[in-house]
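Contents: one structure, followed by commentary.
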Amino acid sequence: MTTSHEGLARPAHLVHDELGTPAEMAADCRETGRNLRLEAHLERAARAAVAGPPSIRFEDYPAEIGKREIRISEAAARLAGSLHLHLD
């Protein structure tokens, strides 16, 4: 139901009339956080917020990082050969 006031339609009731008390809304938020398991995320964010920044010094990182070995299976090699791809 709407009421008319100088050509503008307005709802018969206001949305804020349906809101719970602040205590009820706070309890809803806490329960939602528990259901979404936000506590662990918040704890990790809090630890990260107070931790020092990562180092940007060159010597703090390893100079040589080995490359992974890439293995090409026999089936992949046959498929590549039939497509005239060279997997050496």
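Residues that are surrounded by fewer than 10 Cβ atoms within 10 Å (Cβ to Cβ), in a loop (DSSP other than H, G, I, E, B) and without any contact (Cβ under 8 Å) to a residue 40 or more places away in the chain are absent from segment 23-30 altogether. Filtering segment 38-77 to residues that are among the small types (Gly, Ala, Ser), in a helix (DSSP H, G or I) and under 25 Å from the mean Cα position of the chain (by Cα) leaves ALA40, ALA45, ALA46, ALA48, ALA49.
Here, each number is a calculation from the coordinates, and none is a lab measurement. Keep in mind that this is a model prediction, so the values were computed, not measured. For neighbour counting, all protein chains shown are included, and Cβ atoms are generated from backbone atoms with ideal geometry for every residue, glycine included.
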